[in-house]
Amino acid sequence: MSDADPGRIRPTLDAAADWMLRATPIERIALAVASTIAALSIGLVVVTASGHNPLLFINDMLYGAFGTERRLTITLRESSYFILAGVAVAVAFRAGVFNIGVQGQFIVGMLATTMTILWLTPFLPANRIGGVGLMFVGILGGVLAGGAYGALPGVLKAYADANEIITTIMLNFIAIGVVFYLVDGPFRGEGESATRTASIPEYAELPPVLFEGSGFSILGLAGTIGVAVVIYVLLTRTRIGYDMVTSGYQESAAVYSGVDAKRTIVGTMTISGMVAGVLGALFIIMHANATPNAHGIDTYGFDAIAVSLLAANHPLGVIPAGALFGGLEAGGQYINVSSDVPPQLIDGIVGLVVLFVAVPELFRMTARRTGLGGDGE
């Protein structure tokens, strides 16, 4: 674990977030495109330097993401997860607080969804109508659990002046440990050889609609985009959204205008956690159908930080950014089983994207010299 001082991290994050909010749309798009192209270009150089064929690497990546209907459904499924996780991060980042705990909130929401459905299954009819009811209460359980787990670091920040970077990181590990204990112990499915809960009924899963037997439902993707739109409207078209952004960046101004800044910070973290809870619910009802070992769950919550940064913390910008990460994830999975190129290279490319997004001034200076990105004011 790094011994970096969180007090030194915050000014850097504040500056980056402030630049993202002040940048013009053209600057944001140019930064995202330049960061992605630069990361992919360097990745290809590394592939070549390690003795692999870069053209074959590109072909495998594209085939793994879009080559067949099954590969496309994997891309869409992963994109749905990255979009929701990215929106959860973006809500907090745009309000000036840093929710690094989306992974933990996602895991808590996932378990809450699973157990809510399993506990209520005996009380509802075993048909599609009952399944819709189970999905509804399952999503509600995930949202409430994720929101409550997100509210905790918000309360600590607002009323105890605790650094939310530290508390959310620590709460990630607590969530992983506690969920693993529950899934390996009292919540473990009867007769399960693996560490996981019992499976929810098949009729309580999202129907595939267009893609049979794929673990993906177009309804899940539609709901994901709907959540992004709702959050965008909330942040940009409502008093609540105005209060959230003002309290995060100008607490004294917010207080002067009559806003309860502390309560708003708690509300921001709660909403962020609720979106992460939706991610946990979608993971269960669209694909997993049971809560697995928390230690082996994909790190959507951590990767979401990169997704949100690439999207300039814009809820709608998270949609194409999440789709990019979904394609990288699907392509990386294919390369892992069909090529001798190390799959870790995909993680390296993602890291490079974050690196270039984290130094926007470099691209801003380049934009000025090339006449792109506005006048820089």
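The values are calculated or read from the model by the stated rules, or taken from the named source; none is laboratory data. Remember, it's a predicted structure, so these values are computed and weren't measured experimentally. Cβ coordinates were reconstructed from backbone atoms using ideal geometry, including for glycine residues, and neighbour counts include every protein chain displayed. Just so you know, the surface numbers come from the protein's heavy atoms only, side chains and all, with ligands and any DNA or RNA stripped out. Shrake-Rupley method; radii C 1.70, N 1.55, O 1.52, S 1.80 Å.
Odds and ends about this structure:
- Scanning the stretch 238-245 for residues that are modelled with pLDDT under 85 and at positive phi turns up nothing.
- Looking across the stretch 80-104 at every residue that is among the aromatic types (Phe, Trp, Tyr) and modelled with pLDDT of 95 or more, the one that is surrounded by the fewest Cβ atoms within 10 Å (Cβ to Cβ) is identified as TYR81.
- Qualifying residue in the stretch 195-218 (condition: open to solvent by 40 Å² or more (accessible area, probe 1.4 Å) and under 17 Å from GLY322 (Cβ atoms)): yes
- Lone qualifier among ILE74, ILE58 - being modelled with pLDDT of 85 or more, buried (at least 16 other Cβ atoms within 10 Å of the Cβ) and among the aliphatic types (A, V, I, L, M): ILE74
- Helices (runs of 4 or more DSSP H) contained in the stretch 47-158 and holding at least 1 residues of a type in the set (Gly, Ala, Ser) and closer than 30 Å to THR246 by Cα: 69-94, 102-120
- Conditions (1) in contact with a helix residue (DSSP H, G or I) (Cβ under 6 Å, 6 or more places away or on another chain); (2) open to solvent by 40 Å² or more (accessible area, probe 1.4 Å); number of the one not met by ASP184: (1)
- Under the condition of being within 13 Å of LEU282 (Cα to Cα) and either open to solvent by less than 20 Å² (accessible area, probe 1.4 Å) or more than 17 Å from the chain's Cα centre (by Cα) (or both), the residues counted in the stretch 140-154 number 4.
- Here is the figure for the stretch 307-351: residues that are over 26 Å from VAL97 (Cβ atoms), open to solvent by less than 40 Å² (accessible area, probe 1.4 Å) and modelled with pLDDT under 85 total 6.
- Number of the exception - ILE265 against (1) under 25 Å from ALA222 (Cβ atoms); (2) β-branched (Val, Ile, Thr); (3) surrounded by 24 or more Cβ atoms within 10 Å (Cβ to Cβ): (1)
- Considering residues of the stretch 168-178 that are of a type in the set (Val, Ile, Thr) and farther than 9 Å from ILE100 by Cβ only, the residue least open to solvent (accessible area, probe 1.4 Å): ILE176
- Residue pairs meeting the criteria (Cβ under 7 Å; at least 6 apart or on separate chains; first over 17 Å from ALA92 (Cα atoms), in the stretch 243-270; second of a type in the set (A, V, I, L, M) and at pLDDT 80 or above): VAL255/ALA261
- Residues that are under 20 Å from the mean Cα position of the chain (by Cα) and either over 30 Å from ARG77 (Cβ atoms) or modelled with pLDDT of 70 or more (or both) within the stretch 355-377 comprise LEU355, PHE356, listed in sequence order.
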